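Worksheet for the structure shown next.
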Amino acid sequence: MWIEIIVAIPVVIVVLTTLQYLLAASRMKHIKTKQPILSQHPLRCYSEVFLQRKHFAEHQLKFARQHNYQTYVTYFGPFNFVIVNNPESAKKVLLNTKIYEKDKSIFTPHADRLLGTNVLFSNGEEWNAQRRVMNPAFYNVDRFAETFLSCTKNTVDAMVKICDKEREIDVPKLMTAMTLDILGDAAFGYKFNNVTTLLEKKSNPFVDSYHYVMENMITVPKLLLGKLMSLPGDGKFESATSNLETLIYDIIRTPRNSSASQTLLDLMKDTVDEQTGAPMSEKRLRDNMVIMFIAGHDTTSSALSYALYTLAKYPEIQEKVIKELDDNVDEITAESLEKLEYLSMFIKENLRVYPPVPNILTRNPAADDVVDGFKLPKGQRLEVSIYTIHHNKEIWGDDADEFRPERFSEEESKGRHPYAWMPFGMGPRKCLGNTFSLLEQKIFLAFLLKNYRSALIDPNYVLQPTAIGFLMGPAADFRIKLVPRQDKKGVTI
């Protein structure tokens, strides 16, 4: 019986998605030409994702380029999504939060319980209330500079020790460890000591649980079948979620010391809603801490991993960053880094080429609307492809796939659409932690490059993006080595 069910499932999925393919385009027609919206055949979606084994964002870009960046419909299992590929339509969607609500209906009940009701996924007054309480916590992120620098020094020291013993550094693993240490200290007043644990080749039960849920929250079987039936691994996912919750509630309930004067959690607990006078409940604190773990450290660790790759891949760019640092910075502080224009351009270009979040999370219109000339019915899932917009040759030119920080110079940026670059999203729901992440990246890169250069183990290595939940992370096989600077100036370990 089970064999028949297993054989029948893919047949049913193909039939259902083919019916969607035939119906979806007819439901969405251009208001002037009456032509149906461009539709990507579901069998093509499956073949590209499963056979070519590239990140879905790369497939979306390829299809968009073949069709002049038109808005189109794509399919996955029981779901279809309208994909927006131009900044003007993205602006319309992201500014209108009343119509275009966040949607997490694709998640299984287990993933939905993990995520809870947080500022990332809530809508309406629930979102407004959470945002009012959380906004003050993210003012003046410069106060975290010392915490960032302390964790950076510890990480670079670990990188040196690893290089001395093993000759190469597992970049994704170490960057994830460092950004978790920073988030724990600055955001929650909790010392994970994850870099030290990694250096000593020990395990951390909390970190193990976190990585398990991230790797298994969005998988192909879960997307296709997770709402229909229990799947192998559901029990382990629930157990890992419970482990996370135990630690998170312990952090919330136990006063802790941090190297920062006030942590993000302190401010969230102390702030009341200016309209209702109510504080954030313990359950809402828990829900937002979960999303801060996901959005606050895996995204930045991915960005820094890609940065170490691009520095090593393009040594002439690395030398420009180093020269600017040596000419302008003696002591690394938030203030001293503000004057570094080329470093800022490098970070922006890194986030353009390799956005850790490749798509704006699914929106679900609460009423019929028109996007890019096409009438969208109420409830039609929609996503903005950050990755495609960041590589759109109509915006960035024929060299859109090349890594060139100068494109963010004041002169080249003139006239560019404000929604052409949005690694943190845009509009009222732009990521709260964008300045936190940018300062964290600047401090790490500045300190590292004051003392070392990043170099590839294999000069011909090409880094391939991989899916980490709904994020776009670096491939697990990415390795570098550090080359000590004989000409270093200023800051030392």
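The values are calculated or read from the model by the stated rules, or taken from the named source; none is laboratory data. In this text the structure is predicted, and so the values were computed from the model without any measurement. Note that we place each Cβ from the backbone using ideal geometry, even for glycine, and neighbour counts take in every protein chain shown.
Out of the residues in the range 66-76 that are assigned to a loop (DSSP other than H, G, I, E, B) and not β-branched (Val, Ile, Thr), which is surrounded by the fewest Cβ atoms within 10 Å (Cβ to Cβ)? Of everything passing the filter in the range 66-76, ASN68 is surrounded by the fewest Cβ atoms within 10 Å (Cβ to Cβ).
Here is the figure for the range 24-81: residues that are of a type in the set (D, E, K, R) and at pLDDT 80 or above total 3. Taking the range 436-459 as the range and being modelled with pLDDT under 95, surrounded by fewer than 20 Cβ atoms within 10 Å (Cβ to Cβ) and out of contact with any Lys or Arg (no Cβ under 7 Å at 6 or more places or on another chain) as the test, the residues that pass are ASP458, PRO459.
Checking each residue in the range 77-117 for being farther than 30 Å from ILE395 by Cβ, within 18 Å of the chain's Cα centre (by Cα) and either free of Cβ contacts under 8 Å to residues at least 40 places away in the same chain or outside any helix (DSSP H, G or I) (or both) picks out only PHE107.
Matching residues to (1) under 20 Å from LEU115 (Cα atoms); (2) of a type in the set (Phe, Trp, Tyr); (3) assigned to a loop (DSSP other than H, G, I, E, B); (4) at pLDDT below 90:
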| position | (1), (2), (3), (4) |
| --- | --- |
| GLN275 | no, no, yes, yes |
| GLY296 | yes, no, no, yes |
| SER302 | no, no, no, no |
| SER305 | no, no, no, no |
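Scanning the range 334-345 for residues being touching a helix residue (DSSP H, G or I) at 6+ places or on another chain (Cβ under 6 Å) and touching a residue at least 60 places away in the same chain (Cβ under 8 Å) gives a total of 6. In the range 407-430, the residues that are farther than 25 Å from ARG363 by Cα reach residues that are at pLDDT 95 or above and of a type in the set (A, V, I, L, M) with C-beta atoms within less than 7 angstrom, at least six apart or across chains, in these pairs: PHE408/MET345; SER409/MET345.
If I filter the range 185-204 down to residues being buried (at least 24 other Cβ atoms within 10 Å of the Cβ) and of a type in the set (Gly, Ala, Ser), which single residue comes out as farthest from CYS163 (Cα to Cα)? Checked the range 185-204; the qualifying residue farthest from CYS163 (Cα to Cα) is ALA187. Exactly one residue out of LYS283, LYS323 is in a helix (DSSP H, G or I), at pLDDT 95 or above and either over 16 Å from LEU265 (Cα atoms) or not polar (S, T, N, Q) (or both), and it is LYS323. Of everything listed in (1) closer than 16 Å to VAL290 by Cβ; (2) touching a strand residue (DSSP E or B) at 6+ places or on another chain (Cβ under 6 Å); (3) not aromatic (Phe, Trp, Tyr), the single unmet condition for MET159 is (1). Taken over the range 118-145, the criterion of being among the charged types (D, E, K, R) and either closer than 18 Å to LEU264 by Cα or part of a loop (DSSP other than H, G, I, E, B) (or both) is satisfied by ARG131, ARG132, ASP142, ARG143.
Could you give me the residue pairs with C-beta distances under 9 Å whose first residue belongs to the range 18-38 and is in a helix (DSSP H, G or I), whose second residue is modelled with pLDDT under 75 and surrounded by 10 or more Cβ atoms within 10 Å (Cβ to Cβ) wherever it lies, and which are 6+ apart or on separate chains? Going by the 9 Å Cβ cut-off, the qualifying pairs are THR18/HIS41; THR18/PRO42; THR18/LEU43; GLN20/PRO42; GLN20/PRO78; TYR21/HIS41; TYR21/PRO42; TYR21/LEU43.
A quick yes/no check of all residues on (1) surrounded by 21 or more Cβ atoms within 10 Å (Cβ to Cβ); (2) free of Cβ contacts under 8 Å to residues at least 24 places away in the same chain:
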| residue | (1), (2) |
| --- | --- |
| GLN262 | no, no |
| ASP266 | no, no |
| THR271 | no, no |
| GLY277 | no, yes |
| LYS283 | no, no |
| THR299 | yes, no |
| ALA312 | yes, no |
